[in-house]
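Just below is one structure, and these are the notes that go with it.
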Amino acid sequence: MSQLFTTPFDRTSTASEVIEGVDLSGRRVVVTGANSGIGLETARALAAGGAEVTLAVRRPDAGERAAAELRELTGNDAVHLARLDVSDLESVRAFTSAWQGPLHILINNAGIMMPPQLQRGIGGHEQQFATNYLGHFALSLGLRRALAAADGARLVSVSSGGHLFSPVVFDDIDFRFRPYDALTAYGQSKTAAVLLAVEAQRRWAGDGIMANALHPGAIATNLQRHTGGLRTPEPHRKTVGQGAATSVFLAASPLVEGVGGRYFSDVNEAPVLDARPARLGVDGVARYALDPVNAERLWELASDIVR
C-alpha cells in the first residue's frame, strides 16, 4: 500500500468545515437514506454548497419533510426527493431507469444494523448483506453510465468500523451453516461495502469515476434501533456534523481529487490492520477489506445475483 493520504482535518471536523469555500454549483448528487442522521447532514452540507441533491429514501413522507427542511435551511431549491428502497431490487431498477443525465456524486449511505433475528432479503440472502451491500451494488451498477457521463464522478461507500468483526465469508455468506450472529453479519456487510469501492475503482477509474469507502464514526442515530442505542463510550462519539464529515469530504473536496480505492476514517486514510484492535477508538481497515482478490470475487458473485 502506498503512503497514507492525510488531510488538514481530523475527527472533530464537521461536514461544513471540510468543504468550506467549495462551489458545487452544477454538481448533481444522490444520497441514499438521506431522510435522517448522517445521510440528512451529508445532503444538507452538499446542498449548502450549491449542489443539486436528490434524497433517495424508502419512506417518501419522511423524505419530503427532510427535503423541505433542507430547502429552507440552505436556500437551495434544487433539493429533490425520489423513492428508493435498496432492499428491493425492483425499487432500485425503477430508480436507475428513471434517472436522466449525468450524476457527479453517488453516496451509498442507507443501511440497517444488527436485526436480532435472521432475516432474508434480496434473492434469499441475509438481510444486512442484501440491504447494505447488494442493493447499493445494484444501484451503483445501474447508475454507472450516469457517473461516467459526469467526467469526474465520485462514488462514496459508507462502511463502518464494524467491518473489523468479519470478512466476507464466501462459503457461508447467508448463515445457512453458521449460527446467525447479528454483529458478525453486520461486519460482513460492511466489509462488502469497502470491497465495492475497491473493485469499482479498479473497473471504473478509466471512466473518471473515483470510489472510496469510509467509517463515519460512532453517532447516535436511528441505525442503532436494534441495539438498544449507541453503546460507544462518550469520548469516542461524534456529533452528526462530525459523522458526516468524511462522506462529504470524499464526495466533494478538491483535496481528494484523483484518489480512489481507499478507506477513510476521521477525514483521513486509515491504516491497514492485520488484527482487530483490543480497544474501541483505534482507527484502521482490515487487510481483507482491501484485498483485490476478495473485491473481484464479490463483484462477480453480486453480478450473478442482481443480473
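The values are calculated or read from the model by the stated rules, or taken from the named source; none is laboratory data. All values derive from a computational prediction rather than experimental measurement. Methodologically, a virtual Cβ is constructed for each residue, glycine included, from the backbone with ideal geometry; neighbour enumeration extends over all protein chains shown. Side chains are part of the model used for accessible areas, which takes the heavy atoms of the whole protein and leaves out ligands, DNA and RNA. Shrake-Rupley method; radii C 1.70, N 1.55, O 1.52, S 1.80 Å.
Any idea which of SER166, SER159 is within 12 Å of the chain's Cα centre (by Cα) and either closer than 30 Å to ASP283 by Cβ or of a type in the set (A, V, I, L, M, F, W, C) (or both)?
When all the criteria are applied, what remains is SER159.
Has the range 211-231 got any residue that is modelled with pLDDT of 95 or more, surrounded by fewer than 21 Cβ atoms within 10 Å (Cβ to Cβ) and in contact with a helix residue (DSSP H, G or I) (Cβ under 8 Å, 6 or more places away or on another chain)?
no
Quick one: how many residues across the range 146-167 are farther than 16 Å from ALA213 by Cα, in contact with a Ser or Thr (Cβ under 7 Å, 6 or more places away or on another chain) and open to solvent by less than 40 Å² (accessible area, probe 1.4 Å)?
Taking the range 146-167 first, the residues farther than 16 Å from ALA213 by Cα are 146-152, 165-166.
Add one more test, that the residue is in contact with a Ser or Thr (Cβ under 7 Å, 6 or more places away or on another chain), and what stays is 165-166.
Subsequent filtering for residues that are open to solvent by less than 40 Å² (accessible area, probe 1.4 Å) retains 166.
Qualifying residue count for the region: 1.
Going through the range 175-194 one residue at a time, which ones are open to solvent by less than 40 Å² (accessible area, probe 1.4 Å) and under 21 Å from the mean Cα position of the chain (by Cα)? I'd like the intermediate steps shown before the answer.
Here is the first cut: in the range 175-194, the ones open to solvent by less than 40 Å² (accessible area, probe 1.4 Å) are 175, 182, 184-194.
Within the range 175-194, ALA182, THR184, ALA185, TYR186, GLY187, GLN188, SER189, LYS190, THR191, ALA192, ALA193, VAL194 meet the criteria.
Suppose we filter the range 266-305 for residues that are assigned to a loop (DSSP other than H, G, I, E, B) and open to solvent by 80 Å² or more (accessible area, probe 1.4 Å); how many remain?
To start, the set of residues in the range 266-305 that are assigned to a loop (DSSP other than H, G, I, E, B) comprises 266-267, 270-271, 274-284, 291.
Those left that are additionally open to solvent by 80 Å² or more (accessible area, probe 1.4 Å): 274, 276, 278-280.
Qualifying residue count, the range 266-305: 5.
From ARG28, ARG44, which residue is at pLDDT 95 or above, surrounded by fewer than 22 Cβ atoms within 10 Å (Cβ to Cβ) and among the basic types (Lys, Arg)?
Working: ARG44 fails: surrounded by fewer than 22 Cβ atoms within 10 Å (Cβ to Cβ).
Answer to the check: ARG28.
GLN127: free of Cβ contacts under 8 Å to residues at least 60 places away in the same chain and surrounded by fewer than 18 Cβ atoms within 10 Å (Cβ to Cβ), yes or no? Outline the logic, then answer.
Values: free of Cβ contacts under 8 Å to residues at least 60 places away in the same chain: yes; surrounded by fewer than 18 Cβ atoms within 10 Å (Cβ to Cβ): no.
No; evaluated as a whole, the condition is false for this residue.
Which count do you get for residues in the range 70-101 that are within 20 Å of the chain's Cα centre (by Cα) and open to solvent by less than 50 Å² (accessible area, probe 1.4 Å)? Show your work before the answer.
Step one: of the range 70-101, the residues within 20 Å of the chain's Cα centre (by Cα) are 79-89, 91-93, 95-96, 99.
Still in the running and open to solvent by less than 50 Å² (accessible area, probe 1.4 Å): 79, 82, 84-87, 89, 91-92, 95-96, 99.
Counting residues in the range 70-101 that are within 20 Å of the chain's Cα centre (by Cα) and open to solvent by less than 50 Å² (accessible area, probe 1.4 Å) gives 12.
Could you check the range 47-69 and list, in sequence order, the residues that are closer than 14 Å to SER16 by Cα and either surrounded by fewer than 24 Cβ atoms within 10 Å (Cβ to Cβ) or in contact with an Asp or Glu (Cβ under 9 Å, 6 or more places away or on another chain) (or both)?
Narrowing the range 47-69 to residues closer than 14 Å to SER16 by Cα: 47-51.
Listed by number, the residues that qualify are ALA48, GLY49, GLY50.
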